[in-house]
Structures are given as structure tokens and as C-alpha cells.
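Report on the following structure.
The values are calculated or read from the model by the stated rules, or taken from the named source; none is laboratory data. Just so we're clear, the structure is a prediction, and the values are computed from it rather than from any experiment. A quick note on method: Cβ atoms are made from the backbone with ideal geometry, for glycine too, and the neighbour counts reach across all protein chains shown. Please note that ligands, DNA and RNA were not included when accessible areas were found on the heavy atoms of the full protein model with its side chains. Shrake-Rupley method; radii C 1.70, N 1.55, O 1.52, S 1.80 Å.
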Amino acid sequence: MGAKSIAVLTSGGDAPGMNAAVRAVVRSAISAGMKVYGVKRGYNGLLNDDLIEMNLRSVSDIIQNGGTTLFTARSPEFNTPEGVQKAAANCKRRGIDGVVVIGGDGSFRGARDLTGAGVLCIGLPGTIDNDIACTDFTIGYDTALNTAMEMIDRLQDTSESHDRCSVVEVMGRHCGDIALQVGIATGAVATLVPEVPYDFDRDIVQKIEMVRATGKTHYIVVVAEGVGHTEELARKIEAVTGVESRATILGHVQRGGHPTVRDRVLAGRMGYRAVQLLEQGLGNRVVAVKGDTIVDYDITEALNMPRVFDEELLEISGKLSL
Ligand code: ADP
């Protein structure tokens, strides 16, 4: 039997487009005749019974805003068997039989456990890093890319004026997708990602020397957070090449800002699918996008999928920045 009363929460790190996803879930659920609750601060809200019933107007004017109006949190208490049982009991007491969880892999593990405790859960991928294997794109990734690109464009202006090398760290602890895309989009002379080991001499020094010999006077090196040592790298580049080098760590600016069209539309389509699945009485599913098609997978199957990094695109990136 399909869910009649559902809840929606945002969990783990925030991402632009989470509000658009919440809005889509709320509006789709109400259209389907369901009751819908907004849960505050991720799984903590289920444990503390901190939730409010939403109506059509509860999600007005949020589609354009970054962050999450439901707030988000990490919940160590939920990550225990007792925590999961308590959250499930709170849901059942309120008659909630489905929950849409917007977050990353950790949040999906929680959704799997909560489904096991009798509350149908659907995961929506909301994280800027694009580090979820089952989907081509996560909600928030496109906005983060555009923010990082714009910031690097600005650094490019000043690097050019001063004949400098800008070494820029972008987000991505285990996933180099932001670095790769932004490296191509900004014409970085080198892009370092956690998935592919790099050689300082071959991939950075020789590359700078090569393009310097053709008349280039300023350089961008993009480094994914997971590679790290960004300040040290800038110092080494300056010491070895003689080009004045500055490190910039973009950090959490990449997590904020108005979501792009792509992220808003993706969030809308995914939120709608999540409600359809709950209507059909399905749980333990994660919604994803493959090409331009919205699909869904069993959560365990999705968590076991290997992430594939596009090494060919990294090579192409190197060839384009000669
Ligand atoms: P993300 O969803 O962005 O990967 P986290 O890994 O911090 O973020 O997970 C968010 C929350 O999901 C955690 O605080 C915890 O409550 C829950 N969670 C994470 N891992 C598990 C797990 N293995 N089992 C159950 N719940 C989990």
C-alpha cells in the first residue's frame, strides 16, 4: 500500500538546490493527496520530533535560495540501532509511513536502516561534490561548478595583471569532478585530483615551462581538496619555476548561492519521482539521473556501485591548456 503521510528532511552537508527539492516533494505529495511534514535538522528532527506539517505555501519563495530552510545536521545518535528504532517509533506515532531524505551516501545508509525499521525511505542525492556513484549529477554540483568557475575567473584577472601563478583549491575530498570540470572551464595549466596520482615535475613544472616558452605569463593550477597541500604546492611552484605563486582555498563559498537552472530542474524532477515511489509503496530506493533520464535504484545496490572517474577528460583537459 502506498504512503499516505510522508516527511522530508535534508541531512549531511548542505547543497544549493536542496530547497528546490524540498519544495518539489511537498508540492508533489500534496498534489497526490498526502499529508507532508518538514523535518528540522536532518535525522535529529526525527529523534526529537521536531517537525511541522507543510502546506503549499510553506515552500513558497524558496526555490531560488541556497542552503536549506529545513536546516541540516549530522546525527551521531541516529547512527545507532537504538536511534533508528526511536526515529521509526516517532514516525509511526505520527502516522508517517514514508520519508524523503536529501543528502549524501551517509544519509542514504540512514535511509536504508530506517526503511528496515518499517518506514519507507527514498534518498535524493544532494551534495556539491558529485561523489555519488549511481547518478551522473547530484543536486548542488552544477551550482558549485559555476561558483568555483566565477571565482577562478576573478583570480585569473589578477594573476594576469601580476604575471602570477594562482593555485586554487576547490572542494572534493574523494572526488575530483569539481576540479576537473572547473579546470577545463577556466583553462587551468594543471588539474590535480584525488583519483589520479600526479608528478610535480612532469605535470606542473614542465607544463608551466612549456607554456611559458610559447609566451604565456600567468597560470592557474586547480587542486581538489582531497589532494591538499595547496599552500605548500604554491611555494614549491614559485621556488622551482621562479613564477610568483599564490594559493587560494575557495572553501565553503562553493556550498552557497542561488542554485542554477540545472540544479533547480534536477531537484524538481527528483523530488517528484521520490513521491511517486512512495505512492507506489516503495522504499529503500535512491533517485538518480542517467543521461537525461530520471531513474531509481535499490539503496544497497547504489551504495555498492563503483565511482568512475573520467580519466580521458583529464587528459583532454591537459591538451587544451597548452
Ligand atoms: P552525507 O549524507 O552528506 O554523506 P554524513 O555521512 O555525515 O553526510 O551522514 C549524515 C547522517 O546520516 C549522519 O549524521 C548519520 O545520522 C546518518 N548516517 C551516516 N552513516 C550512517 C550509517 N552507516 N548508518 C546509519 N546512519 C548513517
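Within region 227-264, the set of residues being at positive phi and touching a residue at least 60 places away in the same chain (Cβ under 8 Å) comprises G251, G257. Among residues of region 93-113 being over 15 Å from G283 (Cα atoms) and more than 9 Å from the ligand (Cβ to nearest atom), the one that is least open to solvent (accessible area, probe 1.4 Å) is G95.
Residue-by-condition table, conditions (1) within 14 Å of the ligand (Cβ to nearest atom); (2) within 23 Å of Q280 (Cα to Cα); (3) β-branched (V, I, T); (4) open to solvent by less than 10 Å² (accessible area, probe 1.4 Å):
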| site | (1), (2), (3), (4) |
| --- | --- |
| T10 | yes, yes, yes, yes |
| A21 | yes, yes, no, yes |
| A29 | no, yes, no, yes |
| L47 | yes, no, no, yes |
| R57 | no, no, no, no |
| T69 | no, no, yes, no |
| E77 | yes, no, no, no |
| K86 | yes, no, no, no |
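Only one entry of V295, V308, V286 meets the criterion of being outside any helix (DSSP H, G or I) and in contact with a Gly (Cβ under 8 Å, 6 or more places away or on another chain), and that entry is V286. What number of residues in region 114-133 are farther than 21 Å from G98 by Cβ, within 11 Å of the ligand (Cβ to nearest atom) and open to solvent by 10 Å² or more (accessible area, probe 1.4 Å)? Residues in region 114-133 being farther than 21 Å from G98 by Cβ, within 11 Å of the ligand (Cβ to nearest atom) and open to solvent by 10 Å² or more (accessible area, probe 1.4 Å): 3 in total. Of everything in region 200-238 that's at pLDDT 95 or above and touching an Asp or Glu at 6+ places or on another chain (Cβ under 7 Å), which residue is most open to solvent (accessible area, probe 1.4 Å)? This residue is E238. Within region 265-286, residues that are more than 15 Å from I102 (Cβ to Cβ) reach partners that are assigned to a helix (DSSP H, G or I) and of a type in the set (K, R) with beta carbons closer than 8 Å, at six or more positions or on different chains, in the pairs N284/R112.
State yes or no: is V265 open to solvent by 30 Å² or more (accessible area, probe 1.4 Å), in the same structural domain as L124 (by TED's automatic domain parsing) and β-branched (V, I, T)? In short, yes. V243 falls short on exactly one of the conditions (1) under 22 Å from Y141 (Cα atoms); (2) part of a loop (DSSP other than H, G, I, E, B); (3) among the β-branched types (V, I, T), and that condition is (1). When E82 is tested against (1) under 21 Å from T143 (Cβ atoms); (2) within 16 Å of the ligand (Cβ to nearest atom); (3) surrounded by fewer than 19 Cβ atoms within 10 Å (Cβ to Cβ), exactly one condition is not met: (1).
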